[in-house]
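Read the figures in this text as sums done on the coordinates, not as results from a lab. No experiment lies behind these values; they were computed from the predicted model shown. Here Cβ is always computed from backbone atoms with ideal geometry, including for glycine, and neighbour counts include all displayed protein chains.
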Amino acid sequence: MFLNVQLPWNVIIPAENLDAKGLMLQRSIIIRLLDEFASKKATKELGYYFALTTLDSIGEGKVRQHTGDILFPVVFHGITFNLFRGEIIEGVVHKVLKHGVFLRCGPMEHIYLSSTKMPDYRYVPGENPVFLNEKLSKIGKDVVVRVIVLATMWLEVEREFRALVSLEGDFLGPVSSF
Amino acid sequence: MSDKGGKGSSLPPKGIKSSLKSTTSNGGSFKGKEDGSTKSKKGRKVQFDSDKVSPKSSGKTESLFSKGNTGKGGKGDNTASTVKKSPSKPPPPLELKVEQELPKNAKCIMDAEALQILQGIQDQMVILSEDPSIKIPASFDRGLQYAKTTGNRYTDYQSICVIANVGPETADEVFALVPSLKGKKEKLMEPLKGVLDELAKLKQLA
């Protein structure tokens, strides 16, 4: 789900960017903050970083001893996206394999729904493989499926999340968009 | 699959370290580095001696599949890297316990809220992109797309906010406070009562 987070960060302005015109200072702080925010992409606790909403405060700058940079403590609000265990989400199927399907939900590409967690659905191979159940409801490519999150995994190296989901529960399964 | 004891890694084939977020409170039924704490934020290696395994979990551990290995369904399976459900009892239904896991400075927001915010930013995108030094996170587009599909459900978002904020006790209160709903009064009466009951329950728990 989406989160509105408040974060204190330290923004470092290198000495070259410090201008005689004091007004540019705030702009360069904002730009540096956006830059760092964008490059961070995601963290384990807060999920994927989407957007910075408000800059609450910029503290007093401290000059760093050896490099001449200035460190500004800033506090800001931002929107992030994270999946939690037990959460109900709707993902779009983008890959169908024999033992399960991969869903995409927001920025997360690697959400796996195993065939063992799809009760009553069986695999139908073919050019466009799908999973079918007795009531002929289909889970195939580009189908929106409502699932519950069983577990999530944070990969430090790629800085991204993987998730494992299931259909075991009431009112879960493919949904018709309306 | 190899079984391990001691400090060897028991990584699944793709070399993924599992940092399983689980709400078990087993107190020591796992071996190796696992200390049974429910919320350790570092990645944990879950290790078992596969002959001696019988986790006395309270039923909330789930099996985390390595992606290529789904043949056996994970119950009583012999791969060292999976966490096993205790086969004797059916696991209790999975509940959302976000409050435990949410960091202190974060608040949940509705998809519709997020949509409004992200759309506001997108509207300013044209101006922002003219400045080459301003960067937007890569996942922004995806997030906006997702918010659009889910957030668009509630077009009458402000009424929802009003109802949630005020915390009315009866359906009549709702109609008095949100006159725009009066048109659908008959249809809404019953579901509104149900919804208000649920909200009242949540109010008490808070």
Over 21 Å between alpha carbons, listed pairs B:107/B:203; A:117/A:141; A:95/B:135 | A:95/B:135
Here the FRET efficiency for residue A:124 versus residue A:62, based on Cβ atoms and R0 = 51 Å and rounded to 0.05, is 0.20
Please identify, among A:64, A:104, A:85, the residue showing maximal mean-square fluctuation in a Gaussian network model of chain A using a 10 angstrom Cα cutoff.
-> A:64
Summing -39500 (n - 2.57) over the DSSP H runs of n ≥ 4 in chain A and dividing by its residue number, what mean residue ellipticity at 222 nm do you reach, to the nearest 500 deg cm²/dmol?
-> -3500 deg cm²/dmol
